[in-house]
Amino acid sequence: LPTTARTINPARTQPTPTATQIPAEPAPQMTVPANGVTILAQDTFQRPDQALWGSSSDNRVWGGDANTNPAFSIVNHAGQVANAQGALQATLNVPNADAELLVSGSVNRFDANGDANLGCVLRWRDPQNWYKVLINGSVLQLLKDVNGKISVLNAQPFQAVGGTTYSIRFRVLGSNLFAKAWPSAQPEPSKWSIMMIDTQLVSGVSGLRVLLAHGTVISVTAFMETSVPTSM
């Protein structure tokens, strides 16, 4: 496994555009957790349209930017992020060292420069310390941010099309990180696309971290955090 990581620059900040909200796709069916797996946090976004994200379907208040930044709203039974640029995050306060995320969502269009992405985070401590898995139209990428220094731990080719719903599964167990992504309408791949070892971040909470370019609209239709399966 690689022992060094490539440093990249954080997202650049630009003036806020005026973006038109678009309807989200119907929510895909979530994968039922395996026996022995505990659901730690979940949001199906099945609530009326509203400003901000409010509380999840299991009555947890969304943190990060989700209940303070007007870019966040509920539209057509999806958690939408629009009318903004740069990095934004939504977190649920369930501290765990080891956990697994399953997230489904879409991006209306991916920026050719990779300046728009859909991603989820584990061991998130604050906006400058987290592990993140993302899709940006061309790659599935695993990042870490330690004290504001963002590094690429691994990246694999992954072609994603704007307006299509994709699922991302992200697992952290001890020093082991695993990730994969696939179109939500297709069966989940049996193998992980990314498997890495990293020891810098040891605990935190889960959530979403997205990157928006001019005119980006992101719709999240399902979010579920579980304990890690006992058999893998």
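The values are calculated or read from the model by the stated rules, or taken from the named source; none is laboratory data. Keep in mind that this is a model prediction, so the values were computed, not measured. Surface accessibility is based on the protein's heavy atoms, side chains included, excluding ligands, DNA and RNA. Shrake-Rupley method; radii C 1.70, N 1.55, O 1.52, S 1.80 Å.
So here's what we get for this one:
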quantity: Lysines with Cα under 21 Å of residue 180, excluding same-chain neighbours fewer than 8 positions away; calculated: 132, 144, 191
quantity: Accessible-area composition of the range 76-170, carbon plus sulfur, in percent [1.4 Å probe]; calculated: 43
quantity: Average accessible surface area per residue within the range 96-169, 1.4 Å rolling probe, Å²; calculated: 33
quantity: Anisotropy class of the range 64-188 from Cα gyration tensor, a/c 1.5 cut; calculated: rounded
quantity: Vicinal HN-Hα couplings computed from phi for the range 183-192 (Karplus, 6.51 cos²θ - 1.76 cosθ + 1.60; Hz; Gly/Pro x); calculated: x, 4, 6, 10, x, 5, x, 7, 10, 6
quantity: Gyration tensor (alpha-carbon) shape descriptor, the range 139-205, a/c threshold 1.5; calculated: prolate
quantity: Cross-link reach list, aspartates and glutamates versus residue 149, counting only Cα pairs under 20 Å and skipping chain neighbours closer than eight places; calculated: 115, 126, 198
